[in-house]
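Below is one structure; the comments refer to it alone.
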Amino acid sequence: MMYNLIPHHYQSQEINRLTLAFFTISGLHLLRALDRVDKDRVADWVLSFQAHPRSRAELKNGQFYGFHGSRTSQFPPDENGVSARNAGHLASTYCALAILKTVGFNLLTIDKESILISLRNLQQPDGSFMPVDVGAETDLRFVYCAAAICFMLEDWSGMDREKAKEYILKCQSYDGGFGLMPGLESHGELNNISSSYWFMFCQLCVSRAGGGTYCAVASLRLMGYIEDDLLSKTVTSSIINVPLLLDWCMQRQAIDGGFQGRANKPSDTCYAFWIGAVLRILGGYKFIDKIALHRFLLTCQSEFGGFSKYPGDLPDIYHAYYGYTAFSLLEEPGLNPLCAELGMTDLTAI
Amino acid sequence: MFYDLFISFSSYPLNGNFAMNFFRHHRRWVVERLGANAGAKELNLIKKILSLDAKNYHAWSHRQWVLQALGGWEDELDYCQQLLEEDIFNNSAWNQRYFVVTRSPFLGGLKAMRASEVRYTVEAILANPNNECPWRYLQGLYKDDIKALVNDPEISSVCLKVINTKNNYVFALKMLLDLLCHGFQPCHEFRDSVVALRTSDTDPLDPDLSMAICDILEHVDSLRASYWIWRKNKLSVAAV
């Protein structure tokens, strides 16, 4: 495994190594092939990325004591014992906890107090989250990461759920989908740097959580603000405009059977998860044309293994992973069932 | 001058690096301190990026930040117009138009702009009735004001016009269905137009217009057949 070095094609993604590890480990688990890795070794490796405060007082310094994404952001204290900036990142923390859960590590044994107390430092007055304590934007991606972290640690003291909910509601666009921030275009995922495939991949890794609509709906579900299978309940009492959201999601399945992230954009493997998962959470997955989607996804399957973004392209680990999650949603035989709101195997179902 | 130095220093990564969180944050930190002048130059810079990729999500996000933090709203509606003339299918441009119409301090807000925007959007619909964007935008113009949507004859009229062409009418039927669900009382012309869409005479059209539309959509929008069957079932439950 890539404990020490990642393949040279992915080395520009070094800062996101934990995210790559998540795709690998969780992908193997979905494929029921986790026996191929040394689970204890994986757990130890992931735990080595945790940022630790030297004292409880440091928890108030504003930094986030979660997990780093890579060794390159972990700095040892200098000779005088002064710790340089050594903060974790929300997205890496989400990946770390997800990997630990996947390999069966008992999350109750980690220092969750440091994570949760310092997580509060990242929540903004408007309810959104920054991914690190300085120098970053705030948007729905990081609200999702925070919600997923609290959910996995089974402890909501790390965030103000009400404020987060208020922020999410402001992100629902006039067309029913959700933008990453209030005012932004609805979409399923974060994508779109057309000039460079690798920059797109980089951004996707850093924002592993995905874009507006998935983050919004999955967060609300994790935080307990929307019930399971909402569509079978009385819709009018929901906090979000569910009919409009449902219609927007349904319209994302294109004529080629695949799903697009935004209106009038091409179909892309990963949206079969980002939009499909939203539909699953709402109870509307049964409405899609599964045969057409299955057919489209197979055109993105590579002869080298894995999946590409578009039919005929080369595969990458991100689209491979979301290809597997999409097939899991389709209940493809041989794959583990999916927890739509966490984007990984549903551990309660196996 | 400092802005120009800053741009030349940080411009080399623009083509691909605009995706990077920290890069955008750093630009915002500098531009905020330089003020409105830098804001105008930043809007120009973003225009250049959008000319390479008119749907670049991060560029649009940054543009919205600049407008809200430093202003420059005056020309933004014209800019959206220009982008839509280049590509009427550009959903990002439609979204930005909505952003400007609802938030610009110079335009008077959504209600004040509604009539002119409805006219613009109806024109866009008639030119390309299979374009999802203007249909969503039209409905968005009546956000939180469903009654006004139902009562505006321009809305039902554009549905009728498109349905009567018997071409690319799926979105028109959807809109008509939504209007009916919200209490629109159609005259006989609407039913006649929907009846005229039927290609088979074997099954009589449902006497309820909403149900009839669901039946048609189940066939002409077959990718979403299950969804239309479910919508129809919900209508019959509501009718009980």
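In terms of overall dimensions, the C-alpha atoms belonging to chain B reach 74, 35, 32 Å along their principal axes, ordered largest to smallest. Amide H contacts under 5 Å for residue A:139: A:129, restricted to partners 5 or more places along the chain or on a different chain, H placed in the peptide plane at 1.01 Å from N. Across B:91, B:131, B:167, mean-square fluctuation computed from a Gaussian network of chain B (C-alpha pairs under 10 Å connected) peaks at B:167. When its C-alpha radius of gyration is set against 2.2 N^0.38 Å (N residues), the stretch A:20-67 gives a value of 1.58. When you count the other C-beta atoms within 10 angstrom of each residue and take the mean per peptide, A:174-186, A:239-251 line up highest first as A:174-186, A:239-251.
Take the convex hull of the alpha carbons in chain A; its mean projected area over all directions comes to 17.4 nm². Excluding residues on the same chain fewer than 8 positions from residue A:60, give the aspartates and glutamates whose Cα lies under 13 Å from its Cα. List returned: A:113, A:133. Remark: the protein assembly as shown projects, on average over all directions, an area of 28.4 nm² (convex hull of Cα atoms).
Mean partner shielding of peptide A:288-294, defined as the number of other chain Cβ atoms within 10 Å of each residue Cβ, is 2.
Give the average, rounded to an integer, of partner chain Cβ atoms located within 10 angstrom of each Cβ in B:52-64. Walk me through the numbers before you get to the answer.
Numbers: counts 2, 4, 1, 8, 4, 15, 6, 2, 5, 8, 1, 0, 6.
Mean inter-chain Cβ contacts per residue within 10 Å come to 5.
Annotation: lysines with alpha-carbon distance below 18 angstrom to residue B:147 (same-chain offsets under eight excluded): B:111, B:174.
Give a quick list of GluC sites (Glu not before Pro) in the stretch A:119-175 that DSSP marks as loop, anything other than H, G, I, E or B, with at most 15 other Cβ atoms within 10 Å. Walk me through the intermediate numbers first.
Details: sites: A:137, A:154, A:162, A:166; in loops: A:137, A:154.
The qualifying sites are A:154.
When only DSSP loop residues count, what GluC sites (Glu not before Pro) in the stretch A:247-350 have their Cβ near at most 11 other Cβ atoms within 10 Å? Passing sites in the stretch A:247-350 are A:303, A:331.
Mean partner shielding of peptide B:87-97, defined as the number of other chain Cβ atoms within 10 Å of each residue Cβ, is 4. Between the amide H of residue A:178 and those of A:173, A:187, A:213, distances stay under 5 Å, these residues lying 5 or more places away or on another chain, with hydrogens modeled in the peptide plane. The alpha-carbon of residue A:233 sits under 18 angstrom from the alpha-carbons of these lysines, leaving out residues fewer than 8 places away in its chain: A:286, B:232, B:234. Here's the picture: charge each Lys and Arg Cβ at +1 and each Asp and Glu Cβ at -1 in chain B, and of B:165, B:57, B:238 the one pushed furthest to the positive end of that dipole is B:57. Where in chain A is the longest stretch that carries no trypsin sites (Lys or Arg not before Pro) classed as loop by DSSP and with at most 12 other Cβ atoms within 10 Å? Result for the longest clean stretch: A:86-350.
List the chymotrypsin sites (Phe, Trp or Tyr not before Pro) within the stretch A:267-335 that fall in a DSSP loop (any state other than H, G, I, E or B) and whose Cβ has at most 16 other Cβ atoms within 10 Å.
Numbers: sites: A:271, A:273, A:274, A:285, A:287, A:296, A:304, A:307, A:318, A:321, A:322, A:324, A:327; in loops: A:304.
Those satisfying the criteria are A:304.
Tally Lys and Arg at +1 and Asp and Glu at -1 over the other residues with C-beta under 15 Å from the C-beta of residue A:313: what net charge comes out? Mind dumping the intermediate values first?
Details: positive: A:309; negative: A:256, A:268, A:303, A:316.
Net charge in that neighbourhood comes out at -3.
Backbone phi angles across the stretch B:134-143, fed through the Karplus curve with coefficients 6.51, -1.76 and 1.60 (θ = phi - 60°), yield HN-Hα couplings of x, 5, 5, 5, 4, 5, x, 5, 10, 4 Hz in residue order; Gly and Pro are listed as x.
Coordinate-derived values only; no laboratory data. The shown structure was predicted, so the numbers you read here are calculated from the model rather than taken from an experiment. Here the Cβ is made from the backbone with ideal geometry for all residues, glycine too, and neighbour counts use every protein chain on show.
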